[in-house]
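A.B. asks: Below you'll find the structure I mean.
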Amino acid sequence: MIRRATVADAPAIGEVHVASWRAAYAGLLPDGFLAGLSAGDQAATWAERIAAGGRLLVVEEAGTVVGFAAFAPDQLYALYLLPRCWGRGLGRALHDRVLGELSGDAVLWVLATNERAKAFYVRQGWRPDGETATETLGDITLDVVRFRRP
């Protein structure tokens, strides 16, 4: 089941966020950084975003939140699932639901070294548009690439 997120979902969203980052970014981000991620901190951040009207969807399995997506009218900001749910079609279903919420050309940014994510988005019809950027997380510098989908 895919539905709009509520503030009550924030703790589960925080857990999904941290678990997915630790699995997806292992070897791509420093181990110490990943180990230091806090589900509670993430939950607080997501609760604030939801309360402020942020657009988030969650996907549930057997009544438990196992994934989420955050987006704006023209951008997909985040799409994460618990690692145990990868490869089962839940990410694609959540992605497709988000597409129904987007208007016009949409963009997303992906860590340049995250081959798994880039392949997922290419399979969903996204294409890199040649734009790159550098972002920072604390003292970590990340190269990201922009993907676009009509």
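Here, each number is a calculation from the coordinates, and none is a lab measurement. These numbers come from a predicted model, not from an experiment. All Cβ positions, even for glycine, are placed from backbone atoms using ideal geometry, and neighbour counts span all protein chains on display.
A.B. asks: Just to be sure I understand, how many residues within segment 111-143 are surrounded by 15 or more Cβ atoms within 10 Å (Cβ to Cβ) and free of Cβ contacts under 8 Å to residues at least 12 places away in the same chain?
C.D. replies: Final tally of qualifying residues: 0.
A.B. asks: If a residue must be in contact with a Phe, Trp or Tyr (Cβ under 8 Å, 6 or more places away or on another chain) and farther than 11 Å from Phe147 by Cβ, how many such residues does segment 104-133 contain?
C.D. replies: So the answer is 3.
A.B. asks: Checking Gly104 against (1) on the phi < 0 side of the Ramachandran plot; (2) part of a loop (DSSP other than H, G, I, E, B): exactly one of these is not met. Which one?
C.D. replies: The failed condition is (1).
A.B. asks: Still on this structure: Restricting attention to segment 9-65, report how many residues are in a loop (DSSP other than H, G, I, E, B), under 23 Å from Thr141 (Cα atoms) and not aromatic (Phe, Trp, Tyr).
C.D. replies: 6
A.B. asks: Just one of the numbered conditions (1) aliphatic (A, V, I, L, M); (2) surrounded by 15 or more Cβ atoms within 10 Å (Cβ to Cβ); (3) over 22 Å from Arg116 (Cα atoms) is not true of Ala51; which one?
C.D. replies: (2)
A.B. asks: Follow-up question, since we're still on this one. Scan segment 78-87 and tell me whether some residue there is over 27 Å from Ile140 (Cα atoms) and either in contact with a Phe, Trp or Tyr (Cβ under 9 Å, 6 or more places away or on another chain) or loosely packed, with under 14 Cβ neighbours inside 10 Å (or both).
C.D. replies: yes
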